[in-house]
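Please treat every number below as a calculation from the coordinates, not as lab data. What you see is a predicted model, and the numbers here were worked out from it, not measured in a lab. Please note: Cβ atoms are built from the backbone with ideal geometry, for glycine as well, and neighbour counts cover all protein chains shown.
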């Protein structure tokens with residue numbers, strides 16, 4: 001406690017330097033004056049009295065410095081001084097500063113963007129209660145394991161009936177194999193037609209997810225009802241507070257809105273606008289179109305669930321050999337299951353950005369070495385005047401830190417721009433459940449990497465500059481050690497660049513191959529388009545020859 | 001390193017001397033404290049007067065002493081230091097600790113009188 005208070009006082013001392021110095025000067029003067037008086041009283045002549053008093057006090061300036069150091073934080077004070085000095089010195093070599101900051105901003109920005117993506121796709125918990133207890137269950141064909149792993153509705157019904165390891169199991173229809181919402185529902189009767197993305201869900205879905213609607217209630221088994229996503233409610237119905245109970249026309253069928261989900265909720269991605277119940281239908285083993293999500297019963301492990309589902313799968317194989325002979329249920333943690341498709345691509349991007357960051361650092365290190373060569377004289381003189389190597393090293397590193405901090409700040413701006421650009425130009429790369437948001441973790445990452453960078457690009461050049469010896473080897477040729485550092489740097493840079501180029505080449509290669517897949521028909525001069533016919537009634541009423549395709 | 005340790009130890013004892021002086025003399029300015037320490041030690045401690053100031057700064061930051069500018073008996077402005085409540089307690093604690101240490105050390109140096 002006492003230490004903390006002393007620390008705070010010293011922190012304040014940083015900003016009251018001159019006032020405190022005056023205070024000390026006054027105090028010392030009064031001390032010496034007392035001493036002179038005493039000496040005079042003892043019978044000394046005035047000159048001698050003054051001399052003795054000053055002598056007995058000891059070094060006035062040194063004592064003052066000791067007190068000031070004690071009153072503030074010398075470490076921080078030096079740091080602030082170095083920062084000011086660094087800023088001035090960077091301002092003098094403007095070209096270097098601009099290039100170095102831009103390079104750093106680029107490198108740190110790319111890393112931050114990548115982290116934003118990783119955070120959104122891989123790490124941020126899904127907005128459900130205890131998301132790590134949720135599993136996705138799919139049906140994999142042993143003979144064609146790469147094919148879509150959706151589930152037939154009759155199998156789902158059997159699983160639901162036979163399993164005991166889940167506290168709830170729910171199915172949903174309306175997501176294609178690339179994870180996109182595929183059911184278009186035409187919303188009519190609000191002055192114009194809007195297309196909403198729909199998801200057909202079992203009535204217990206929200207119970208399984210552990211999320212209650214923001215307004216209204218969940219499904220209770222009735223038909224012709226709908227629950228809206230928060231965004232749909234805000235955007236299509238202007239956040240109408242009386243939306244619950246209102247009847248809307250979806251796909252030509254009147255449906256009652258019974259609830260609105262809370263903000264930030266999505267399932268299984270952010271495209272879905274409206275959740276609707278399945279209505280009356282007979283489960284079959286014809287259409288494999290359901291996704292299945294279940295919650296592990298408390299105390300049940302993933303392994304136990306897998307074991308039971310394997311048993312159930314085996315029993316269904318015997319019961320329905322025609323359809324189920326080669327089908328195995330597969331249980332996966334829900335988050336891992338939806339991430340699975342984008343994980344390899346993300347990992348590759350990570351490594352590419354990591355390499356890019358290394359190249360950026362070595363580039364800036366290189367720039368600094370070049371600059372150091374032109375500052376040899378400055379440092380030689382400072383050394384000759386008594387600056388220690390550690391002191392010079394510290395100052396150079398502070399300068400690097402300053403560069404990095406400016407770069408890091410710009411990088412945050414860049415990351416914001418990159419985020420918008422990614423969503424705009426490459427929405428396919430980002431899974432549609434991911435929310436690319438610059439949150440606290442992203443900012444922490446940005447700060448961490450900004451602080452790490454100076455160690456990577458600053459220490460080498462700083463060491464070699466601080467090591468360069470006195471005024472002696474101030475010549476046209478740069479010292480041997482610096483040349484070696486330089487050689488190492490160039491080597492590393494070239495190696496990293498080659499790796500990056502090869503990676504990029506491979507990436508482009510596979511893109512080109514994708515573009516050139518032989519579809520088995522001539523694609524030149526062939527167009528594909530979609531024509532939405534509004535709701536079903538409209539179609540029936542306007543059966544013109546054109547629509548019928550006559 | 002050893003140099004550092006020595007000054008460190010001396011600083012510690014110096015702080016204690018300052019506290020003890022303030023306890024017995026009441027509020028006192030820096031010169032008075034230095035003078036008093038010199039006299040009490042029988043002129044054995046001939047440290048420069050300036051050395052007590054860094055210690056005073058530290059003691060004040062830790063709130064063992066408080067200070068204020070005042071006018072002395074012969075009408076001269078001076079900064080007076082006085083013990084705080086925490087400072088008084090510290091003097092007591094340290095004094096007890098010293099006595100203990102001295103007693104223990106004494107037993108080592110007088111081996112004849114070891115208590116059975």
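With r as the distance between the Cβ atoms of residue A:130 and residue A:317 and R0 = 25 Å, compute the FRET efficiency 1/(1 + (r/R0)^6) and round to 0.05. Efficiency, from the Cβ-Cβ distance: 0.20. Rounded to the nearest 500, the helix-only mean residue ellipticity at 222 nm of chain A stands at -18500 deg cm²/dmol, with each DSSP H run of n ≥ 4 adding -39,500 (n - 2.57). Taken along the Cα-to-beta-carbon direction at a fixed 7 Å, the label points for residue A:65 and residue A:340 span 6.9 nm. Model label points for residue A:348 and residue A:38, set 7 angstrom from Cα along the Cα-to-Cβ axis, are 8.4 nm apart.
Highest-first packing order for the peptide set A:436-445, A:130-139, A:210-219 is A:130-139, A:210-219, A:436-445, based on the mean count of other beta carbon atoms within 10 Å.
Here r is the Cβ-Cβ distance between residue A:381 and residue A:421 and R0 is 35 Å; the resulting FRET efficiency, rounded to 0.05, is 0.15. Dividing the Cα radius of gyration of segment A:307-365 by 2.2 N^0.38 Å, with N the residue count, gives 2.12.
What number do you get for segment A:328-397 when its Cα radius of gyration is normalised by 2.2 N^0.38 Å, N = residues?
Normalised by 2.2 N^0.38 Å, the Cα Rg of segment A:328-397 equals 2.20.
With a 10 Å cut-off around each Cβ of B:26-33, the average count of Cβ atoms from other chains is 3.
Of the two radii for segment A:144-325, the radius of gyration is 1.00 times the Kirkwood radius, both from the alpha carbons; that is the Rg over Rh value.
Dimensions of segment A:1-104 along the principal axes, based on C-alpha atoms and rounded to the nearest Å, stand at 74, 39, 18, largest first.
Counting Cβ atoms of other protein chains within 10 Å of each Cβ in A:51-57 and taking the mean gives 3.
For segment A:221-352, rounded, prolate or oblate, judged on the Cα gyration tensor with a ≥ b ≥ c (square roots of eigenvalues), a/c < 1.5 rounded, else prolate if a/b > b/c? It comes out oblate by the Cα gyration axes.
Among rounded, prolate and oblate, which fits segment A:159-250 when a ≥ b ≥ c are the square roots of the eigenvalues of its C-alpha gyration tensor, a/c under 1.5 means rounded, and a/b larger than b/c means prolate? Here segment A:159-250 falls in the prolate category.
Apply the a/c threshold of 1.5 to the C-alpha gyration tensor of segment A:209-264 and tell me whether it is rounded, prolate or oblate. Cα axes put segment A:209-264 in the oblate bin. Between segment A:222-272 and segment A:32-54, the alpha-carbon centres lie 94 Å apart. One decimal place: the segment residue A:164-residue A:286 gains 41.3 nm when fully extended, by the rule 0.36 nm per residue minus the C-alpha distance. Assuming 1.567 mPa s and 4 °C, estimate D for segment A:354-451 with Stokes-Einstein, Rh taken as the Kirkwood radius over Cα pairs, in µm²/s. Roughly 78 µm²/s, to the nearest whole number. If r is the Cβ-Cβ distance from residue A:501 to residue A:14 and R0 is 45 Å, what FRET efficiency results, to the nearest 0.05? That gives a FRET efficiency of 0.35. The modelled label-to-label distance for the pair residue B:71/residue A:81, using points 7 Å beyond Cα in the direction of Cβ, is 4.0 nm. When only alpha carbons of the protein assembly as shown are considered, Rg and Dmax amount to 39.6, 131 Å.
Calculate how steeply helix A:94-118 sits against the longest principal axis of the alpha-carbon atoms of chain A, using the helix alpha-carbon long axis, and give the answer as 0 to 90 degrees to the nearest 10. The helix A:94-118 is inclined about 40 degrees to chain A. How much of the pair distance distribution for segment A:378-423 lies past 15 Å, counting alpha-carbon pairs only, in percent? Of all Cα-Cα pairs in segment A:378-423, 61 percent lie more than 15 Å apart. Relative protection proxy for A:226-238, A:319-331, from highest mean packing down: A:226-238, A:319-331 (other beta-carbon atoms within 10 angstrom).
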